[in-house]
1. Suppose we filter THR25, THR3 for residues that are assigned to a helix (DSSP H, G or I) and polar (S, T, N, Q); which single one remains?
2. Out of LYS188, LYS149, which single residue is among the basic types (Lys, Arg), within 12 Å of VAL9 (Cα to Cα) and either in contact with a Phe, Trp or Tyr (Cβ under 7 Å, 6 or more places away or on another chain) or touching a residue at least 40 places away in the same chain (Cβ under 8 Å) (or both)?
3. Only residues that are more than 22 Å from PRO150 (Cβ to Cβ) and open to solvent by 30 Å² or more (accessible area, probe 1.4 Å): list them for region 42-67, please.
4. Report yes if some residue within region 84-102 is over 18 Å from the mean Cα position of the chain (by Cα) and among the acidic types (Asp, Glu); otherwise report no.
5. What residue, among those in region 111-145 that are farther than 19 Å from ASP54 by Cα and among the aromatic types (Phe, Trp, Tyr), is nearest to the chain's Cα centre (by Cα)?
6. Can you pull out every residue in region 171-210 that is of a type in the set (A, V, I, L, M) and open to solvent by less than 30 Å² (accessible area, probe 1.4 Å)?
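The values are calculated or read from the model by the stated rules, or taken from the named source; none is laboratory data. A quick note: this is a predicted structure, and the numbers were derived from the prediction, not measured. A quick note on method: Cβ atoms are made from the backbone with ideal geometry, for glycine too, and the neighbour counts reach across all protein chains shown. SASA here: full protein model, heavy atoms, side chains in, ligands and nucleic acids out. Shrake-Rupley method; radii C 1.70, N 1.55, O 1.52, S 1.80 Å.
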Amino acid sequence: METVPIKAVIFDFGNVIASFDHMLTCKKLGDFSSLKPDEIYEVIFKNGLEKQFDEGKLTSSEFYARIKKEIEGTDGLSFAEFSIAWKNIFTENSAIENVLARIKPDVEKYLLSDTNALHWEHISHMPIVRKYFSDPNHLTLSFAVRARKPAKEIYTDAIGKAGVEPKEVLYIDDIPEYVETFRSLGGKGIVYNCQTDPIDTLISSLLEHGALK
């Protein structure tokens, strides 16, 4: 059986390119609210507010106003303070640089992320993103597409930007369900979580798919 060569690799951002911790936001917002950090987490991440923001259904100012109201934030919770608390949750996966540098020259790299306008303001300035994902035509961002994984629209946007057949695309994500959705569209997939998986496992999988030099 002939192996179809990989022509594009799509990387998820969270827990692939960088790890993140939403509780850092909740702890910081706790300084401006009578709610405990775990209660703030419930308000933001369990009740659909973050999802609306990630899908571009709320502007940054609207999201801030909603959060401030829901957690009964004090006057000290300015938009600037909120932005700092919201953005400063990412830690670059130091091992991923070597992987990105080893992707074959004829294999294009793309970034697909469930993210929002405020997070993207921070992520887009991270050195690893500026170096490898500066081309807007290589980006699929949920707040711009107005769809969040596992909606098929977000994957088809990325595949469309790659301009190749799904079977020629390899997708890397930390969540098995999201990888399976991509496979259901005809693509190939690797499950990798930088917080739990050694980088060698990702390298081995990419070598198996013929995507690394």
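1. When all the criteria are applied, what remains is THR25.
2. Within the list LYS188, LYS149, the selection yields LYS188.
3. GLU42, THR59, SER61, GLU62, TYR64, ALA65, ARG66
4. So far as region 84-102 goes, no, none of its residues is over 18 Å from the mean Cα position of the chain (by Cα) and among the acidic types (Asp, Glu).
5. Top of the filtered list is PHE133.
6. Residues of region 171-210 of a type in the set (A, V, I, L, M): 172, 175, 179, 185, 190-191, 199, 202-203, 206-207.
Within region 171-210, ILE172, VAL179, ILE190, LEU202, ILE203, LEU206 meet the criteria.
Results for (1) over 24 Å from ILE199 (Cα atoms); (2) touching a Pro at 6+ places or on another chain (Cβ under 7 Å); (3) surrounded by 20 or more Cβ atoms within 10 Å (Cβ to Cβ); (4) at pLDDT below 95, shown as yes or no for each residue.
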{"site": "LEU77", "(1), (2), (3), (4)": "yes, no, yes, no"}
{"site": "PHE90", "(1), (2), (3), (4)": "no, no, no, no"}
{"site": "LYS104", "(1), (2), (3), (4)": "no, no, no, no"}
{"site": "PHE133", "(1), (2), (3), (4)": "no, no, yes, no"}
{"site": "GLU153", "(1), (2), (3), (4)": "yes, no, no, no"}
{"site": "THR156", "(1), (2), (3), (4)": "yes, no, no, no"}
